[in-house]
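Undergrad: One structure follows; several queries about it will come next.
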Amino acid sequence: MRDAYVVGAGQSKYGSFPDESYRSLFETAVQNTVSSVDHGIKTSEIDEAYVGTLGVGGRQLGLPGPAVTEHVGIAGVPVTRVENACAASGYAVRQAVMAVRSGMADVALASGVEVMTDLSGDAVRYWLGVSGETEWERMSGTTFAGVYAQMASAHMREYGTTTEQLSHVAVKNHANGAKNPKAHLGFSCTLEDAVNAPPVADPLNLYHCCPTTDGAAAALIVSEDVVEKYTDTPVRVAGVGAASDRVGLFQRDTYTSVPAAKSAGESAYEEAGITVDDLDFAEVHDCFAIAELMAYEDLGFCPAGEAGPYIESGATRPDGELPVNTSGGLKSKGHPIGATGAGQVVEAFDQLTGRAGDRQLDDPKIGLTHNVGGSGGAAVVHVFERDDEVIDA
């Protein structure tokens, strides 16, 4: 199979935008993606497109892919809507990589979009709940905050994880998000703020939960045959891993891990030919603070049960041994369901090409993105590598 490269990536601002539509947000993301390509690209050069979206609120549930691509002038190409809950556009990226690697496309657009803030709280909880097990979770009244609260309670009980350790996730990610002009909640907070926030689903409080967000994001994936036409700073898709699991948390053997994410991570590392020690940064799926801590353990950043001390040590801050969620993560940057996975790729692309502004790390070469659907029914992990050999060629 051919190598696949990211040559451009961009997003809209994340937040609440009553004057925007899913089409206009998508247009902004595509425009920013196209403008990020070093040597330029025309949308007419795109061979294939993938659009991740849950369809919160029921808007354009049928054919949302063509509905947004036609709006930005991508006409006539195959467009596939990808729905895997919160991992929708992470899987859209995977599909684009597969199309390029297989030879079906030389240029593929991977993208995602969601509008969530124009609904009532009850309606949002309903639409989030459809990504859980319908009969025994959503219809019995369980919310996603409630599901992740069960995970947090189990982790606390089994490993001694504390509220303060959960709160360190919020403090770190808000500090990062405060440097991100695209972030929904672009402000910092103190540990005291995070520890003493109002409860949402015990033991999770407001600062342990990400916001509902409007936004769109996209990336352009191209083959090794055309990469030099578009950029002098290519980012190679070094490894991809994906897995699924039972949709309901109650159906799984563990409440303190996301097995699908662990499996996806192992596959991505193996394909990339690296170990966790080779990573320079990671963007992980922190829909709730406990999700970030479990990601540390599932991806091998630290042993099982040690995520609490690991976050407290400062290891995942920008100046730590493995910076995590330099974008602000879902907690601060925001979580527009269908756009989240592609948005993580935007941060990875920006870091590896030196475009991350005030968040820029010192010469990163390898980064990881980790995108989880629902409470773990699906997961996808990508490893991205700055390809100096192509740059020097």
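Undergrad: For E270 and M1 in the same chain, what is the full-extension length gain: residue separation times 0.36 nm, less their Cα-Cα distance, in nm?
TA: 95.2 nm
Undergrad: Another question about this same structure. Between E228 and V130, what length in nm is gained on full extension when 0.36 nm per residue of separation is reduced by their alpha carbon distance?
TA: 31.0 nm
Undergrad: Here is a follow-up. To the nearest 10 degrees, how steeply does helix 88-102 sit against the main Cα axis of the chain, on a 0 to 90 scale?
TA: That helix lies at roughly 40 degrees to the long axis.
Undergrad: Measuring from label point to label point, each 7 Å out along Cα→Cβ, what is the L63 to D278 span in nm?
TA: 4.5
Undergrad: I would also like to ask the following. Express in Å², to the nearest 10, the accessible area of S244 obtained by rolling a 1.4 Å probe over the protein heavy atoms while all chains stay in place.
TA: 90
Undergrad: Counting alpha carbon pairs within less than 8 Å and at least 6 residues apart, what relative contact order, in whole percent, applies to the stretch 116-245? Could you put the intermediate results ahead of the total?
TA: Values: 95 pairs, mean separation 26.4, N = 130.
Here the relative contact order equals 20 percent.
Undergrad: Please compute the contact order of the chain in relative form: average sequence separation of alpha-carbon pairs under 8 Å and at least six residues apart, divided by the residue count, as a percent.
TA: Values: 999 pairs, mean separation 102.3, N = 393.
Here the relative contact order equals 26 percent.
Undergrad: Arrange the residues D232, D19, D350 by how much accessible surface each exposes, largest first, with a 1.4 angstrom probe.
TA: Details: D232 85, D19 150, D350 30 Å².
Output order, biggest surface exposure first: D19, D232, D350.
Undergrad: Further question on the same structure: So how strong a dipole does the chain carry about its Cα centre when Lys and Arg Cβ are +1 and Asp and Glu Cβ are -1, to the nearest 20 debye?
TA: Details: 26 positive and 54 negative charges, 217 e Å.
The calculation lands at about 1040 debye.
Undergrad: Relative to the first principal axis of the alpha-carbon coordinates of the chain, what is the inclination of helix 289-298, with its axis defined by its Cα atoms, in degrees from 0 to 90 and to the nearest 10?
TA: Between helix and principal axis, roughly 70 degrees.
Undergrad: Antiparallel as a % of all DSSP beta bridges within the chain, to the nearest 5? If you can, show how the numbers build up before the last one.
TA: Numbers: 38 of 53 bridges.
If we restrict to bridges inside the chain, about 70 percent are antiparallel.
Undergrad: Separate question: Taking +1 at the Cβ of each Lys and Arg and -1 at the Cβ of each Asp and Glu, which of P234, V247, A217 sits farthest along the dipole of the stretch 215-274 towards its positive end, judged by Cα position relative to the Cα centre?
TA: Selected residue: V247.
Undergrad: Any chance you could give the angle, 0 to 90 degrees and rounded to 10, that helix 259-272 forms with the longest Cα principal axis of the chain?
TA: Relative to the chain, helix 259-272 is tipped by roughly 40 degrees.
Undergrad: Can I ask one more? If I ignore ligands, DNA and RNA and count only protein heavy atoms, how much of S140 is accessible to a 1.4 Å probe, in Å² to the nearest 10?
TA: 80
Undergrad: Can you tell which of V195, M1, L352 lies farthest toward the positive end of the dipole of the chain, using +1 and -1 charges on the Cβ of basic and acidic side chains (Lys, Arg; Asp, Glu)?
TA: With unit charges placed on the Cβ atoms, the residue in question is V195.
Undergrad: Consider the candidate values (1) 22.7; (2) 18.1; (3) 16.9; state which one is mean projected area of the Cα convex hull in nm² computed from the structure displayed.
TA: The value computed from this structure is option (3).
Undergrad: Further question: Under the rule of -39500 (n - 2.57) per DSSP H run of 4 or more residues, summed and divided by the residues of the chain, what mean residue ellipticity at 222 nm is obtained, to the nearest 500 deg cm²/dmol? Before the final figure, lay out the partial values.
TA: Working: 14 runs with 136 residues, N = 393.
Mean residue ellipticity, 222 nm, calculated: -10000 deg cm²/dmol.
Undergrad: To continue, here is another question. Go through the stretch 6-59 and name the trypsin sites (Lys or Arg not before Pro) that are in a DSSP coil and have 13 or fewer other Cβ atoms within 10 Å of their Cβ. All intermediate terms of the calculation are to be shown ahead of the outcome.
TA: Numbers: sites: K13, R23, K42, R59; in loops: K13, K42, R59.
Of the trypsin sites (Lys or Arg not before Pro), the ones in loops of the stretch 6-59 whose Cβ has at most 13 other Cβ atoms within 10 Å are K42.
Undergrad: A 23 angstrom limit on the alpha carbon distance is what I want to check against. Which of K13/K172; K42/K365; K42/K182; K179/K365; K42/K179; K42/K229 exceed it? Display every interim value, and only then the final one.
TA: On the way: K13/K172 20 Å; K42/K365 28 Å; K42/K182 25 Å; K179/K365 21 Å; K42/K179 31 Å; K42/K229 12 Å.
The answer is K42/K365; K42/K182; K42/K179.
Undergrad: With every protein chain left in place, what is the accessible area of F187 in Å² (1.4 Å probe, nearest 10)?
TA: For F187, the solvent-accessible surface is approximately 90 Å².
The values are calculated or read from the model by the stated rules, or taken from the named source; none is laboratory data. The model shown is predicted, which means the values in this text are computed figures rather than measured ones. Cβ atoms come from the backbone with ideal geometry, glycine included; neighbour counts cover every protein chain shown. The area values use the complete protein model at the heavy-atom level, side chains included, leaving out ligands, DNA and RNA. Shrake-Rupley method; radii C 1.70, N 1.55, O 1.52, S 1.80 Å.
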